Each structure stands twice: as structure tokens, then as C-alpha cells.
Amino acid sequence: MVADQERWEALSARETPEWFREAKLGFFIHWGPYSVPAWAEPTAELGTVESATEWYTHNPYSEWYYNTIRIEGSEAQKHQQEVHGGRPYDDFIDEWKAEHFDASAIVGELAAAGADYIVLTTKHHDGVCLWDAPGTDRNTVARGPRRDLVGEYSDACKQRGVRFGAYYSGGLDWHERPFPPIGEADTWSWDGLRPLDAEYAQYAAEHVRDLVRRYQPDVLWNDIEWPDAGKDFGEFGIGRVFEEYYAVKPDGVVNDRWQVPHADYTTSEYQHMLDNEDARQWENCRGVGLSFAYNQEEGLQHALAGPMAARHLIDVVTRGGRLLFGVGPMADGRLPKWQSDVVAWLGEWMRPGGEYLQVVPTDRTIDFGDDVWARFGQAADGSTLAFIAADRPVEIDGELLTPQWATLADGVLTSNPDRPGPVVVRLA
């Protein structure tokens, strides 16, 4: 319809809010009943496995546990049978107590690491809502933790001065629409495996409306797609929901995974959908490990940590994007120590070095091998900055530089010279 087209164009004509243009680092929090079994095979990054069947059968995302245990012969199915007696997935909702959860503590950790925004999974593909969502008692107020977890996170973000985002799985809900498990056919297509109908579109739209009404999130982060019956400006159309959202939150943003004509920015994930990084505004999301949610099989050996975490952040931001770095609390609500260590590590670099990341990238990158790397950018004052991710001395332009937990600006080093780590160097 012409009227709908004009309304999509009006949405797309809005200017990207300044806070999002300047954002460098966000944190993604995946937390749900899947954090009780907390199990997946730590196999590979998304985008590095060609076969869809192989990826889904050996899915490293523990938040996909509900799907993976339904794939015949999968290691997750064997684990569910041997460790949990093959019980129904919904048993984990009531076993999820969040007894040590302190939203202020976790948000404080992430804020100290330089978080500009935090995005929480308010409902993942298992359909369990982390607030008292309309139309379902399958939520954390009625069951399990018996707490409004979205509200606690939202309040903690406001208290810490961090923008709050609401992830919502509009494209999949394995409880409301129990399709066959994804991965049985060797295809990356969602055809025949996601809900398209008007009833589900209304259910999902009312959830998003309720999230906006209660929490006024700065980001609406949809996943997979939106039901086809709701891709319009009807009473329960997502186009109308967007208009309502921007009226309440003029500086809010929505991502691209609704698969409709409007998005404020595009997303890539690990090494998947990298073409989206050519957009004017984009974001790369990935977990600190191979899973977004907590996986008891993972540790630092699977993590993007140390200089490699700084390298990835620098690479994304100096190319015009922002990084949404995923952490996964344990069922009791605390971050596992190895994830806290990665977050703290990144924060030690962000505190002195993060302010320099708003640069104009140049074409110059040096890869020294052995995970030592440098990216160059043009600062506002015309000088060149070298962002070095290394844990040993490197030579640049004839000068031997020792990377440290420091910023070198105008010849002055600040931080601990005895501890190796990334450094920002201002060159002439």
C-alpha cells in the first residue's frame, strides 16, 4: 500500500540518535531457564561452519538448548537424557531461582568496563518472559525466580547512567508455536519453521508494547524475523509499534532483524552476516566465548580475552561499528569468574584508551603475527593514533614500543608499566 510505504519512508528518514552514533561498546546479557542446564558443545564461531545441520546439531549456543535436545542423536539430547533424565525443558523454569542475583552488581561490572548500553534477553526462543508479560504466565514473575528481572536490570541501568536495551525474539517461540527442531534439514532458511500468523503477530506486538510502556528501552533488539502477518501498520503491525515507540522514546533505536523496510542499524554476529558491516550504522554481536548464554563447558580457553578482545573492539569501532559483547550469568544470577575476568580486562584498556576510539580509520593495519596487531586512525587534531593489541614489544616506524596497560599521549605514559597489554600511541 502507498500509505504504508510513505510511513516506512518517514520512519527511515529519522536521524540516528547522537548517543548511538557515539556508542562504542555494549554488553549483551543472555539469561533464562537454559542457564540451569547451561550446556552446549563449544565447537565453533557462527559463520565458520558451512553445513546448517552440523551447526545446529552441535550448536555451541547454550541458549538454544531447547532446540538442540530435540535433534535426534545430538550430544545435547544425550546430555539431557543422561544428566537430567530426559525431563521436560519447562522443569528448568521452576528450578531457576536467581538466588544470588543483584542487577546493580552486574550492571556495575559492565559499566566499569566502559558499557555505553546493555541489552537483556527479555524473551528468547524458548518463549519464557523475564517480566510479567501479558498473555502468558510462563514468565519469571509467576514462576522460577518470581521476580521482574527486566525491571531490575532496567532500573540498575538507569541508576548507573547506562542505556538499556530489550532483546525480544519475535521470530521464534518454541512454546507458543512448537515447530519441528531447526537443523534437521541442511538449510539456513527459516521457511516452515517460524510463525507467520496474525494471532502470534498480535501476541508478540503486545509484548513489545508492554516492554515500551513499562521500561522505555533505548534499544529494541529483535531476533530472527517478525511474523509476516504483522509486517505492516495495522492494529498489531510492527510499523505502528515503531511509531508508538519513537513517540515515547524519540532517541530510541531498533535493529534490522525484524526484516521490514525500516531499521536504525544493521547487525552481524560472530563471523556471520558480515555484509551488514558495510552499512552506515552497524553493530557486531558475539559472546565472550562461543556461546552467548552461560555454558559450563566453556572457560577462558574458549574466550575472546586479553589483547584479542581489545583487537576485536578496536577493529569494529575504527571501521565505524560498535561491539555488543555477550555475557551469560549463571542460574543463580552471578557472572562466572572467567567472564568477569574478561570484562574487567577489557575495562582496564577502555578506561585509558576508550576515549581515543572516536577516530577516522585509515587504510593502514599491521599484523605482526602471533596475535600482535595494530590499527591506525586519524584523530580530530590531525595526528595519527596507533591502536596496538599485543603482549610483547613491537616496532612501528623504527620505534620499539612496549604495549602496556596505558595510554601514551604527548609522550606521557599513564598506568602500570609492568603489566603487558594494549596501548594507544599518538604518532606525529
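Taking all protein chains as present, what is the carbon and sulfur share of the accessible area of the chain, in % to the nearest whole number, probe 1.4 Å?
Values: 7860 of 16710 Å².
Solvent-exposed carbon and sulfur of the chain make up 47 percent of the total.
At a probe radius of 1.4 angstrom, the accessible area of the chain per residue rounds to 39 square angstrom. In this rough spin-label picture, where each label sits 7 Å from Cα along the Cβ direction, the SER12-ASP332 distance is 5.0 nm.
Per-residue Karplus couplings for the range 297-312, computed as 6.51 cos²θ - 1.76 cosθ + 1.60 with θ equal to phi - 60°, are listed in order as 7, 9, x, 4, 5, 9, 8, 8, 10, x, x, 5, 5, 5, 4, 5 Hz, Gly and Pro entered as x.
Given a Förster distance of 25 angstrom, what is the FRET efficiency for GLU277 paired with ASP191, based on the Cβ-Cβ distance and rounded to 0.05? Here the calculated transfer efficiency is 0.45. Taking all protein chains together and a 1.4 Å probe, the residues TRP8, TRP226 rank TRP8, TRP226 from largest to smallest accessible area. Considering only ALA113, ALA374, ALA105, the Gaussian network model of the chain with Cα springs below 10 Å gives its largest mean-square fluctuation to ALA105.
Counting Lys and Arg as +1 and Asp and Glu as -1, what is the net charge of the other residues whose Cβ lies under 11 Å from the Cβ of ARG7? Once positives and negatives cancel, what remains is -4. Report which label in (1) 20.9; (2) 43.4; (3) 34.5 holds the value of mean projected area of the Cα convex hull in nm² derived from the coordinates of this structure. Correct label is (1).
Averaging sequence separations of C-alpha pairs under 8 Å and six or more residues apart, then dividing by the length of the range 18-140, give the relative contact order as a whole percent.
Working: 129 pairs, mean separation 40.9, N = 123.
Relative contact order, the range 18-140: 33 percent.
Residues of the range 104-141 falling in the label zone of ARG213, defined by backbone nitrogen less than 14 Å from a point 7 Å along Cα to beta-carbon, are 132-136. Candidates GLY26, MET308, ALA38 compared by Cα position along the dipole of the chain: farthest toward the positive end lies GLY26, with charges placed on Cβ.
Stretch GLU297-ALA198 to full length: gain in nm at 0.36 nm per residue minus the Cα-Cα span?
Net length gain for the segment: 31.7 nm.
Only lysines eight or more places from LYS24 in sequence, or on another chain, were considered; those with a Cα closer than 29 Å are LYS123, LYS158, LYS249, LYS337. Bridges between two residues of the chain, per DSSP, are antiparallel at a rate of about 45%. When the chain is treated as a GNM with alpha-carbon contacts under 10 Å, the residue of TRP338, TRP349, TRP221 showing the greatest mean-square fluctuation is TRP338. Using 0.36 nm per residue and subtracting the Cα-Cα separation, the extra length available between GLU176 and GLN358 on full extension is 61.2 nm. For the pair VAL83 and ARG21, label points projected 7 Å from Cα toward Cβ lie 4.7 nm apart. Only one residue of MET350, TRP221, ALA374 has its Cα farthest out toward the positive end of the dipole of the chain, where Lys and Arg carry +1 and Asp and Glu -1 on Cβ, and that residue is MET350.
The simple spin-label model puts a point 7 Å past each Cα toward its Cβ; for GLU54 and GLN5 those points are separated by 4.4 nm.
The values are calculated or read from the model by the stated rules, or taken from the named source; none is laboratory data. Because the structure is a prediction, the values reported are computed rather than measured. Neighbour counts run over all protein chains shown; Cβ positions are idealised from the backbone, glycine included. These area figures cover heavy atoms from the full protein model, side chains too; ligands, DNA and RNA do not enter into them. Shrake-Rupley method; radii C 1.70, N 1.55, O 1.52, S 1.80 Å.
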